[in-house]
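Heads up: the structure comes next, in structure tokens.
The values are calculated or read from the model by the stated rules, or taken from the named source; none is laboratory data. Computed from a predicted structure; not experimentally measured. Glycine gets a Cβ as well: all are built from the backbone with ideal geometry, and neighbour counts include every protein chain shown. When the accessible area is computed, the model is the full protein with side chains, heavy atoms only, and any ligands, DNA or RNA have been set aside. Shrake-Rupley method; radii C 1.70, N 1.55, O 1.52, S 1.80 Å.
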Amino acid sequence: MSNPTLGNRLSKDDITIQSSSNRNNSLTCGHRACQGCGEALGARCAIDAAHHATGGKIIIVNATGCLEVFSCSFPESAWNVPWFHSLFGNAPAVASGVAAALRITGKEDIRVIAQGGDGATCDIGMGCLSGMFERNDDVLYICYDNQAYMNTGVQRSGATPPLARTATTVPHKNYLGNDPQIGKNISQIAIAHEIPYVATASIGNIQDIEKKIAKAIHIRGSKYLHIHVPCPLGWGFPTSETIRIAKLAIQCGLFPLFEAQYGKLYGSIPIDDPIPVEDYLKPQKRFAHLFGKNATPDAVSVLQEVANSNIVKYGLNGGDI
Amino acid sequence: MQYQLEGSQAIAKAVALCRPKVICAYPITPQTHIVEGVGEIIRSGELLNCEFVIVESEMAALSVAIGAQAAGVRSYTATSSQGLLYMIEAVYNASGLELPIIMTLGNRAIGSPINIWNDHSDAMSVRDSGWIILFAETNQEALDLHIQAFKIAESVGLPVMVCVDGFILTHAYEPVDIPSQEEVDEFLPLYNPATSLDIHKPLAIGTMVSPEYFMEVRYLAHKKQMDSLKIIQCVRDEFRRKFGRDSGGLLREYMTEDAETIIVTLGSVAGTIKDVVDDLNLQEKKIGVISIVSYRPFPIDALKDSLKKAKRVIVLEKSLAVGIGGILFQEIELVMKDTDAEVFSIIAGLGGRNITKFMLQEYLSRKSCKKITFLGLKEEIITKEYEFANFCGREGEV
Amino acid sequence: MRKPFATVLEAATSLSNKTGSWRTMRPEYIKMVPPCNSTCPVGENIQLWLSLAKTEKFQEAWEIITESNPFPAIMGRVCYHTCEKTCNREQFDGAVNINLLERSIGDMAIAQGWSFRKIAPCSEKKILIVGSGPSGLTAAYFLKILGYNVIVYESHLKPGGMMRYGVPKYRLPRRIIDAEIKRITDMGVKIICQKEIAKIRTELDNFDVIYLAIGACKASKTDIEIKNTPHIFDAVDLFGKLEDDFTNFPPLGKKVLVYGGGNTAIDAARTALRLGAQDVKIIYRRTIRNMPSHETEINEALAEGIEILCLRTINSIDGNKIFINKMNYDEKYDILSLSKETEILHADSVILAIGQSVDESILKGIDGIKISEKGVIETDKNMMTGVSGIFAGGDAVSGKRTVTSAIGQAKKAAKCIDAYLRGTELIPNIRGEVVNFKKLNTDYFNKNARVGIAKSNDISFEEKDVSYSKNEIITEASRCFSCGNCFHCDNCYGYCPDNAIIKCPDGNLEINYDYCKGCGICATECPCGAIKMIIDDK
């Protein structure tokens, strides 16, 4: 299924906040993200949506990572919202502290968002994230998933997909890149905490991000939103293709868009006609070794199986979840 | 009002009187009874308007406090030993962001080997972190220092760590005078931070700073610490006026007026030393004691002044910088560098080893001392461990 | 207490960091020519009026159509819509039904009584237009807009030319013709009917310019040997009688043969069916694929039960017997030859529809107007005949002989005449690059088949289908991809990771080169190919 243009004139439901000249530009011009950065777009989109839904009553806590470094380097901050950065591994706990402070001072109308990359979320900060979930602190945690440590030079993270090339998983003769394990499915881990709301989204579907943010931001308790944000530099594709790559990930089933409440999956965005994973993998240099002269056809099938299993598991074929 | 209380409970009462809004706790071994004491005060309704957040790690404990403080409310946590080391990244972060958090450190040894008893190794591991570090000598002072700490922290804009000897103070029952809520309220105004996370004035807090500016950031942090020496004294004076008690400040001096020998130390062991000094002064030995309250910022000028007549300075500390020796010792040597006085180092009480009056009397009765003495070291064990020909240690002197 | 140095910053201070300096490629908004516009013989800005129609600005849409074509309701019925053949949507889920949309908006204009602006003459110059067909009236319309005094002479009873006398009613109801012509006369264009011109030469003294739009009304001659039969008709003659005076027209009978392969042949066959014939056959020399007639017309004829007998010529006619020669046809080289096979068919009457040519008699006495070998008037590139001040257009000139090409030519003729009267040269339009399907990003379009319309199966002189309703117009017009022209979808604005697109109060978009890093996402995500990345050599 195609999604409509951002400023779709035909259906009011599909007009995005991103298309509005009144959007907050929560992450504004002059930031130092690379050309074509998916994370910069994802962050602006998500925070603008939250800003819109709350009338500007939001406080952001940011983990260390690309987003933090490119957006707020003295003497320039690109943030148009109250924004706080402490450490790499503690953003959820810091956000819990902000939420506690707001609760005790009767300002619970101000909503707290913690955000970080996949490294901060799946790896170094996972303890704090789990603690935040377990206490059901009133925080929306957003993970911008670009599937590796981009800020430090594209090293593997717990969210790096099987067989991907990173600086720490360089393919060699008898090594095909990141080990073909499933990796850490942080969204499922979030669901297992039975928090009020967990969802995945992608910058390939801005309408969906905005709807999910609007829904999540007013829920009391812990919420988790996992946004897929392709990285031209780390994944090796032209800077102009960021959105297209994000869409291909959705369309092949490797990045399923779903929602869960209180530990139960309850909805997903179906993909009408799944494309083969090759269509998504081939344009990316991090998977180039799977298609080169010495490629083994089995390798791609590992990823195709992940996609196939997602399609069934998340009802992307319109089936039951 | 006077109470007979365990040190942890006295501190809990003091913290509660300061009306913090967010308290977070993680019971890493070894934990004290402080936060559970505050928890009980909150749960019982004695302290209203305070969030008690039970976290999953010490890292989270201080991080929650960081978040709360950044959001503009008074926040507090407590830790010890390994827990402090686990949160050390956040310790540096809190001071770098100039967030006036108060944290009690129930001083304990750090491992390996694991050991839950008192010494000052934990505090020494964060001595350069940019926090104001105060040491309490008694439970009464521990209680008073907490009330002062909030005032100091919020006046200066830096976090304050109040060091209280684990077990020796935290678990000891002593009579303490607890001020009334009204008195504390008058002493400690409501927290009104200059900068916080405010939707009406959106600031970005916690930037990345490049080499062009980082030196200046560090210089200003140092200057701020040194400037706070004055504030610590002002708060001590104000506290005395309000509560009629001498607590806090930079140093506690005892019998130093005409003393030829002055023992410098940190924390509760000063009490034992004072007893010994009393006995020896009766024999006209002219011995005094200085215990440092404000370990960071380090009161160089005050120490210089107090030690200027001393012929001999003995630094007794419950910590060891492996590979060099005493830590406080080096700092006192720096203070004494332009004088003729001799400076000696005693490393004692590591991992909760008792420091007895007898040990101190014995040391002070020696005709001559080595530069560094490991007081109470069991020589036979060391000898056994190093069974080689030219080992000639005596009482731990290396 | 002072604010901490460096670790605390005011909001949006990054605006001082002009990231535009990183750029090596630069996006630019461009306007490209959509294929529909590019192929429209009339030069309509189809895309523009579709965009207006989809936002319910129907009258504005109609005004845009009438900037190029004064007959939307007529053209919406009889135009063979080359626009739809090249529509990029054809490669996606079927072309936009531009023809029916034009008709629907044209019908709406008639129903609502929308009229052309009345233009006061602003020139003393007088122009005579001979012939009130699509070419003549279109020229009159544009010349009137340009402020000239225009008079149209028409030899027939009613104005309209081939629109009225060449297209059957079931394809083009006469009330539509009347309404759209009335709108032109309401502008102040004078049409004088039944005005036979003996000598054009004499009129030159009364007018500054004469525009010959006399059509091709004379039936072409055949070399068929015809014996013993009164029932041979010419298609043009049949249509003419049918329109003006059908009372004395002899019956066609049950079995009718039509000879020819053009639209006129199909029209004649279908008209015969409506006049009561039960067995109608078309005889054509080449194969069905090679018929010059429009495909939809052929299909409709076949659907009505008309038989098309291909690869045949009529050799001779004797009474009811029609002697047929079968043909050999080499499609590759277009070589026709008689085969040895023959057959005999029976028919009550035969309608000849084998082409028309210009009636030269009208031109007698003027030196300088040349008739080409193909039987049409020769003109120069400015549509002027050999005689200064006499222009010609429409079927009398062109080879295409469709209403659409007649209108397109007349539009050009009006400009040429205007240039002539001003003593200037017509500057031809330079057309931009045409957008092909590959330049679009169709991710943003859902597959929606064109809005269907019910057609009746009745064989009568009534129209078989109806126009779109308002909602149907909106839905179908919304299918337009807006190829090569920004339709304010805001993708560039919304997807730019650097907020480097400025949305102006009027909805237009501009690139903020202070911050644009040149990533190219805007160009990739533009659904209609209206952003181009070029090397930034600043």
Task: Within chain B, helix-based [θ] at 222 nm, where runs of 4 or more DSSP H residues each add -39,500 (n - 2.57), nearest 500 - done: -12000 deg cm²/dmol
Task: Average beta-carbon neighbours from other chains, 10 Å sphere, peptide A:41-50 - done: 2
Open item on the list: 5 Å is the cut-off here: which amide hydrogens, built 1.01 Å from N in the peptide plane, fall below it relative to residue C:308, excluding neighbours closer than 5 in sequence?
Closed with: C:282
Open item on the list: Modelling each spin label as a point 7 Å along the Cα-to-Cβ direction, I'd like the residue B:210/residue C:221 distance in nm, to one decimal.
Closed with: 9.2
Open item on the list: Checking the a/c ratio against 1.5 first, then a/b against b/c, what shape does the Cα gyration tensor give for the stretch C:106-163?
Closed with: oblate
TODO: Can you tell me what the convex hull of the Cα atoms of the stretch A:144-219 projects to on average, as an area in nm²?
DONE: 6.3
Open item on the list: Can you compute the helix-only [θ] at 222 nm over chain C? Use -39500 (n - 2.57) per DSSP H run of at least 4 residues, normalise by all residues, nearest 500 deg cm²/dmol.
Closed with: -8000 deg cm²/dmol
Task: Pairwise label distance in nanometres, residue C:185 with residue B:223, each label 7 Å out on the Cα-Cβ vector - done: 9.5
Task: Zone of residue B:174's modelled label, taken as backbone nitrogen in the stretch B:316-331 under 20 Å from a point 7 Å along Cα→Cβ - done: B:316-319
TODO: Just check the stretch A:76-152 against the gyration tensor rule for me: Cα atoms, a ≥ b ≥ c as the square roots of the eigenvalues, rounded for a/c under 1.5, and otherwise prolate or oblate depending on whether a/b exceeds b/c.
DONE: oblate
Open item on the list: Could you tell me the relative contact order of the stretch C:433-538? Use alpha-carbon pairs under 8 Å, at least six residues apart, and round to a whole percent.
Closed with: 30
Task: Set A:57/A:212; C:85/C:415; C:158/C:254 screened for pairs whose C-alpha atoms are more than 21 Å apart - done: C:85/C:415; C:158/C:254
TODO: Please give the helix C:98-112 orientation as an angle from the longest Cα principal axis of chain C, in degrees from 0 to 90, rounded to the nearest 10.
DONE: 80
- [ ] Could you state the angle between the C-alpha long axis of helix C:174-186 and the longest principal axis of the C-alpha atoms of chain C, as a value from 0 to 90 degrees rounded to the nearest 10?
- [x] 70
Task: Cβ-derived FRET efficiency at R0 56 Å, residue B:383 paired with residue B:246, nearest 0.05 - done: 0.75
Task: Degrees, to the nearest 10: B:34-43 long Cα axis against longest axis of chain B - done: 30
TODO: Quick one: which residues, 5+ away or cross-chain, put their amide H under 5 Å from the amide H of residue B:343? H built at 1.01 Å from N.
DONE: B:313
- [ ] Round to the nearest 0.05 the FRET efficiency obtained for residue C:195 and residue C:438 when R0 = 41 Å and r is the Cβ-Cβ distance.
- [x] 0.15
Task: DSSP loop GluC sites (Glu not before Pro) with at most 14 other Cβ within 10 Å excluded, longest remaining stretch of chain B - done: B:47-256
TODO: Can you grab the distance from the C-alpha centre of the stretch A:199-252 to the C-alpha centre of the stretch B:199-226, Å, no decimals?
DONE: 33
Open item on the list: Can you compute the charge dipole magnitude of the stretch C:9-127 about its Cα centre, using +1 on each Lys and Arg Cβ and -1 on each Asp and Glu Cβ, nothing else charged? Give it in debye, rounded to the nearest 20.
Closed with: 320
- [ ] Assign one of three labels to the stretch B:251-380, namely rounded, prolate or oblate, based on the Cα gyration tensor with a ≥ b ≥ c the square roots of its eigenvalues; rounded applies when a/c is under 1.5, prolate when it is not and a/b is larger than b/c, and oblate otherwise.
- [x] rounded
Open item on the list: Using Cα-Cα distances under 8 Å and only pairs 6 or more residues apart, what relative contact order does the stretch B:251-380 have, in percent?
Closed with: 25
Task: Amide hydrogen neighbours beyond the local backbone of residue B:53, cut-off 5 Å, H modeled - done: B:23, B:24, B:25
Task: HN-Hα J in Hz across the stretch A:28-34 - Karplus 6.51, -1.76, 1.60, θ = phi - 60°, x for Gly and Pro - done: 9, 4, x, 5, 9, 5, 4
Open item on the list: Greater than 23 Å separation of Cα atoms is the criterion. Which listed pairs, A:211/A:282; C:255/C:326; A:12/C:54, meet it?
Closed with: A:211/A:282
- [ ] Considering only lysines 8 or more places apart in sequence, or on different chains, count the pairs in the stretch B:251-380 whose C-alpha atoms sit under 13 Å apart.
- [x] 8
Task: For the stretch B:335-350, 3J(HN,Hα) per residue [Karplus equation, 6.51 cos²θ - 1.76 cosθ + 1.60, θ = phi - 60°, Hz, x = Gly/Pro] - done: 5, 8, 5, 9, 10, 8, 5, 8, 10, 10, 10, 10, 9, 8, x, 5
Task: Within the accessible area of chain C (1.4 Å probe), percent carbon and sulfur - done: 50
Task: 12 Å reach of a label modelled at residue C:422, 7 Å along Cα-to-Cβ, counting backbone N of the stretch C:144-185 - done: C:146-147
Task: Table column - 3J(HN,Hα) (Hz), the stretch A:282-291, Karplus curve with 6.51, -1.76, 1.60, x for Gly and Pro - done: 4, x, 10, 5, 5, 10, 4, 5, 7, 10
Task: Spin-label pair residue B:3/residue C:339, simplified geometry with 7 Å Cα→Cβ offset, distance in nm - done: 11.8
